[in-house]
Amino acid sequence: MSPAPPAPRVVVVATEEAASRWARGIRDGGVPAVACPWSTVAEPLDPLAASVALARRDFDLVFLTSARALRFLAPGSGTGLRAAAVGERTAREARRQGFLVEATGRGGAEALAKRLVRGSPPRRALWLRGETALETGAEALLAAGWAVFEAVSYRTVEVPALSEALARLGTPSAYVVGSPAAARALGRALGPDAFPPPAGGPPVVVVGESTALAARAPGRPEPVVAGSVEVDGILGALRRVLVAP
């Protein structure tokens, strides 16, 4: 007799650290969840690029869309520099590096950028980013007349056999997708017939508007954008989509 398939649960697709942290928080909130990392975080190919950019100090603000952007900086690299951060965790890590965090956003990079635009005239921002990051936050700043400089401070390395890992987990009760890159990796692993899921398939909760854009497809149900990048925002969205009609 073959073993029974695993019970449906939320599958969290994000970088290794984020997937583990969010899945743990979702479980602590009473919703069964499992992490399914699509990538790991690695040092950038040019390990000095971000430090050199910070040392120039030809900007007013450092735009931090992820705590990963800080991982490979030398201790104290942000001393005295003003910053805006997406998420409480990113803000905490920035303060440990000496940054003066003047704004913390809970709703993703684009929401934080729009808040910054409303709060001040155009400024000069340095965006510490991932090698393949696609963030609408920087675009929103540019559209408002800000100058945005970029420095790659980390890269993501895709894990092998993501499709096999997803197959072992079975059909989930919902997906949580942490970034545009995670959405694209999930689409490659499952194929266009399965992701984004068709009507009647698992609902998709995404972190941020840019991830929602990557997880959309004509004729498929809209992804649900979590209220924030924090676990409570993700849990709130999951509880809405998991309620039986």
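The values are calculated or read from the model by the stated rules, or taken from the named source; none is laboratory data. In this text, all values refer to a predicted model and were calculated from it rather than measured experimentally. Every residue, glycine among them, receives a Cβ derived from its backbone with ideal geometry; neighbour counts consider all protein chains shown.
Here are some residues: Gly233, Gly227. Which one is among the small types (Gly, Ala, Ser) and either without any contact (Cβ under 8 Å) to a residue 24 or more places away in the chain or not in a helix (DSSP H, G or I) (or both)? Give the steps one after another, and end with the answer.
Numbers: Gly233 fails: either without any contact (Cβ under 8 Å) to a residue 24 or more places away in the chain or not in a helix (DSSP H, G or I) (or both).
Among Gly233, Gly227, only Gly227 is among the small types (Gly, Ala, Ser) and either without any contact (Cβ under 8 Å) to a residue 24 or more places away in the chain or not in a helix (DSSP H, G or I) (or both).
Please note which helices (runs of 4 or more DSSP H) are completely contained in region 104-212 and include at least 3 residues that are out of contact with any strand residue (DSSP E or B) (no Cβ under 8 Å at 6 or more places or on another chain) and closer than 21 Å to Val10 by Cβ.
162-169, 180-190
Restricting to region 70-103, and then to whatever is among the β-branched types (Val, Ile, Thr) and assigned to a strand (DSSP E or B), can you tell me which residue is surrounded by the most Cβ atoms within 10 Å (Cβ to Cβ)?
Looking only at region 70-103, we keep the residues that are among the β-branched types (Val, Ile, Thr), and these are 79, 86, 90, 101.
Narrowing further to those that are assigned to a strand (DSSP E or B): 86, 101.
On the way: Val86: 30, Val101: 19.
Taking the candidates together, the pick is Val86.
Just the residues that are over 18 Å from the mean Cα position of the chain (by Cα) and among the charged types (D, E, K, R), please, taken from region 151-187.
Glu164, Arg168, listed by residue number.
Exactly one condition in (1) over 25 Å from Ile234 (Cα atoms); (2) surrounded by fewer than 20 Cβ atoms within 10 Å (Cβ to Cβ) is not met by Ala50; state its number.
Here Ala50 clears every test but (2).
Within region 204-221, count every residue that is within 18 Å of the chain's Cα centre (by Cα), modelled with pLDDT of 95 or more and surrounded by fewer than 21 Cβ atoms within 10 Å (Cβ to Cβ).
Selection size over region 204-221: 1.
Do we find a residue being among the β-branched types (Val, Ile, Thr), out of contact with any Ser or Thr (no Cβ under 6 Å at 6 or more places or on another chain) and over 22 Å from Ala147 (Cβ atoms) anywhere in region 36-46?
So in region 36-46, the residues among the β-branched types (Val, Ile, Thr) come out as 40-41.
Going one step further and asking which of them are out of contact with any Ser or Thr (no Cβ under 6 Å at 6 or more places or on another chain), we end up with 40.
Now narrow it down to the ones that are over 22 Å from Ala147 (Cβ atoms): 40.
Yes, some residue in region 36-46 is among the β-branched types (Val, Ile, Thr), out of contact with any Ser or Thr (no Cβ under 6 Å at 6 or more places or on another chain) and over 22 Å from Ala147 (Cβ atoms).
Being modelled with pLDDT of 95 or more, among the aliphatic types (A, V, I, L, M) and touching a helix residue (DSSP H, G or I) at 6+ places or on another chain (Cβ under 8 Å): is that true of Ala91 here?
Answer is no for this residue.
Could you identify the single residue in Ala138, Ala133, Ala111, Ala85 that is under 17 Å from the mean Cα position of the chain (by Cα), of a type outside the set (Asp, Glu), more than 17 Å from Ser51 (Cα to Cα) and at pLDDT 95 or above?
Numbers: Ala138 fails: at pLDDT 95 or above; Ala133 fails: at pLDDT 95 or above; Ala111 fails: at pLDDT 95 or above.
Being under 17 Å from the mean Cα position of the chain (by Cα), of a type outside the set (Asp, Glu), more than 17 Å from Ser51 (Cα to Cα) and at pLDDT 95 or above holds for just one of Ala138, Ala133, Ala111, Ala85, which is Ala85.
Limited to region 236-245, what total is found for residues that are assigned to a loop (DSSP other than H, G, I, E, B) and at pLDDT 95 or above?
Going through region 236-245, the residues assigned to a loop (DSSP other than H, G, I, E, B) turn out to be 242-245.
Keeping just the survivors that are at pLDDT 95 or above gives none.
Residues that pass the stated criteria total 0.
Can you pull out every residue in region 47-72 that is closer than 17 Å to Ala125 by Cβ and touching a Ser or Thr at 6+ places or on another chain (Cβ under 8 Å)?
Ala49, Ala50, Leu54, Leu64, Thr65, Ser66, Ala69, Leu70
Any chance region 13-25 includes a residue that's touching a Cys at 6+ places or on another chain (Cβ under 9 Å), outside any helix (DSSP H, G or I) and closer than 18 Å to Ala165 by Cα?
yes
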